[in-house]
Every structure is written in C-alpha cells, then in structure tokens.
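Below is one structure; the comments refer to it alone.
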Amino acid sequence: MGNLFCCVLVKQSDVAVKERFGKFKKVLNPGLQFVPWVIGDYVAGTLTLRLQQLDVQCETKTKDNVFVTVVASIQYRVLVDKASDAFYRLSNPTTQIKAYVFDVIRACVPKLNLDDVFEQKNEIAKSVEEELDKAMTAYGYEILQTLIIDIEPDQQVKRAMNEINAAARMRVAANEKAEAEKIIQIKRAEGEAESKYLSGLGIARQRQAIVDGLRDSVLGFAGNVPGTSAKDVLDMVMMTQYFDTMRDIGATSKASAVFIPHGPGAVSDVATQIRNGLLQANNASS
C-alpha cells in the first residue's frame with residue numbers, strides 16, 4: 001500500500017480501514033483509493049481476506065483420568081461486509097479463538113473415555129466449529145472448518161496401551177498354537193491307531209495264509225503218496241523247518257545267544273503243537 005498525492009494502493013486480497021480525524025469512515029477495497037489527508041483522512045490499518053489457519057494445542061483430562069493433548073486446526077477468514085468489526089472489536093483474534101477452543105475441548109473431552117475420544121473426534125471438532133462460528137461471526141470472522149488433527153496421550157499411557165495390545169495378541173497366538181498342537185496330536189494318535197489296526201489285520205491274514213498253505217501241502221502230499229498220513233507229512237515238514245532254523249541261527253554274524261530245546265523229542269513236541277493249531281484252525285473255519 002502506498003500513499004502519494006492523497007492516493008492509497010490497496011493490494012489484492014486485502015482491505016483497508018479509512019478514518020477521518022480518528023473516526024471510522026469506510027472500508028477501502030483492493031485497488032487505487034483516494035484518501036485526502038489534507039482533510040484528515042488516513043488509513044488506520046489493513047486486514048487480509050485470505051484464508052488463515054490456526055493450530056491450537058489443548059491439554060485436558062478424559063473421563064478415565066488420562067491426560068491428553070488435543071491439537072485443533074482452525075481455518076478462518078475476515079468477512080468483507082464486517083471488516084470494520086474485525087478491525088475494531090478484536091485486538092487479537094487468535095487469542096480469542098484459542099480461548100473458545102480451550103473452553104469447548106475442556107468441556108467435551110472430560111465426558112469421554114480415552115478410546116471414545118479417538119472415535120468421536122469428528123463430533124468434538126463439530127462442537128468446536130459451531131461454538132466458534134457463533135461467537136466469531138459477531139466479531140467479523142467466519143469459521144470455515146475445524147479439524148482435530150492429533151490426540152496425543154501421555155507417553156506412559158501410550159506405552160501401557162501398547163503393552164495391553166501386545167499381551168492380548170500374544171494370548172491369541174498362544175491359544176492358536178495350543179489348538180494347532182492339539183490337532184497334530186489327535187491326527188498322530190488317529191494315524192497310529194489306524195496303523196496298528198492295519199498291522200493287526202496283516203498279521204492275522206499272514207498267519208491264516210500260513211495255516212492254509214501248510215494244510216493244503218499236507219493234504220496234497222498225503223493224497224499223492226499212498227500209506228502216508230497227515231501226521232507223518234507234518235512231522236517231516238517240521239523236521240525240515242527245524243534244521244533250517246538251526247542252520248540260520250548258526251550262520252548269523254550276531255553275537256546273541258538263543259536257547260532252544262534240542263533233541264528228537266523237541267521236534268516231536270513242536271510238531272504236536274503245530275498240529276493242534278492246524279486242527280483248531282480247521283475247526284474254526286468249518
């Protein structure tokens with residue numbers, strides 16, 4: 001803004017307040033304005049019409065006795081038709097805005113728990129904006145928007161909240177791990193049971209096949225050789241098996257000792273036991 005030959009240049013996005021002998025005269029719009037200083041006119045000051053932003057930090061306490069620092073961002077500007085009110089009625093608009101922000105935040109936040117403060121920050125911002133707009137319009141200022149840009153609890157509270165969250169997550173992880181181990185043990189037990197069941201079936205079938213094979217061999221040999229009884233054939237088979245077993249025991253390279261009855265009577269006893277087993281298997285199958 002310049003003052004030459006009673007002319008004043010008001011910059012774009014600004015307005016100037018003209019007085020005459022200390023009394024308000026008019027608001028000068030942007031451009032070259034005539035201010036005849038010779039008759040007592042002069043420019044008392046200027047106001048910017050640009051959008052302004054003010055960040056306000058307010059420390060308060062929540063309902064659950066946690067101290068938090070709430071940062072509110074206020075966007076405001078001067079109303080053109082009320083520029084004189086903005087110039088004369090408030091000497092420091094930022095201080096006035098801060099006072100209203102403090103009043104509203106310290107009235108709203110103590111009614112909420114800490115978690116609710118984070119969840120309802122938009123409602124808090126709306127309350128601040130409504131109160132500011134109602135109060136500052138009378139002074140020539142328009143509140144365009146109010147934002148709660150930060151809610152900062154005490155560091156000890158933040159650390160405690162993180163520890164609670166971490167403990168909860170560890171508890172869930174432990175439960176999931178225990179459940180997984182339980183499923184593994186159940187599946188392992190089911191597998192072992194199935195394996196033992198199938199092994200038992202295999203052993204039973206193996207023994208049945210041996211019995212059936214011996215029976216068919218004895219019956220076939222006795223039928224092809226006249227005058228030979230089934231007992232004679234079985235004794236011969238058992239004698240052969242006996243000597244094969246003795247040969248295998250003697251040929252092994254291991255140093256373990258095996259004690260078995262030896263002698264002609266031993267073979268007869270073994271044959272008698274096997275013959276009795278065959279007869280019981282035949283009776284069971286019939």
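The values are calculated or read from the model by the stated rules, or taken from the named source; none is laboratory data. None of these values were measured; they are calculated from a predicted model. Counting neighbours? That spans all protein chains shown, and the Cβs are built from the backbone with ideal geometry, glycine included. Surface areas here come from the heavy atoms of the whole protein model, side chains and all, with no ligands, DNA or RNA. Shrake-Rupley method; radii C 1.70, N 1.55, O 1.52, S 1.80 Å.
Under a crude label model (7 Å from the Cα following the beta-carbon direction), how far is Met161 from Lys61 in nanometres?
1.9
Just by accessible area at a 1.4 angstrom probe, what is the order of Tyr197, Tyr42 from largest to smallest?
Tyr197, Tyr42
Determine the sum of side-chain charges near Cys58: Lys and Arg each +1, Asp and Glu each -1, restricted to other residues whose C-beta is under 10 angstrom from that of Cys58. Could you put the intermediate results ahead of the total?
Numbers: positive: Lys98, Arg106; negative: Glu59, Asp103.
Combined, the nearby Lys, Arg, Asp and Glu give 0.
Obtain the nm distance between the two label points defined at Arg20 and Ser84 by a simple spin-label model: each point lies 7 Å from its Cα along the Cα-to-C-beta direction.
Placing both labels 7 Å beyond Cα along the Cβ direction yields 1.2 nm.
Keeping all protein chains in the complex and leaving out DNA, RNA and ligands, what accessible area do you get for Val43 with a 1.4 Å probe, in Å² to the nearest 10?
40
Pop the C-beta distance of Gln208 and Gln185 into the FRET formula with R0 = 35 Å and round what comes out to the nearest 0.05.
Taking R0 as 35 Å, the efficiency between Gln208 and Gln185 is 0.50.
Let me check I've understood the local charge: for Asp41, count other residues with C-beta under 14 angstrom from its C-beta, Lys and Arg +1, Asp and Glu -1. What total comes out?
For residues surrounding Asp41, the net value is +4.
Between Lys11 and Glu152, with labels modelled 7 Å along Cα→Cβ, what's the label distance in nm to one decimal, could you check?
Here the answer is 3.2 nm between the modelled labels.
Only sites in a loop by DSSP and with at most 11 other Cβ atoms within 10 Å count here; which trypsin sites (Lys or Arg not before Pro) in region 28-125 make the cut?
Here the sparse-neighbourhood loop sites are Arg50.
Can you give me the solvent accessible area of Thr245 with a 1.4 Å probe, rounded to the nearest 10 Å²?
70
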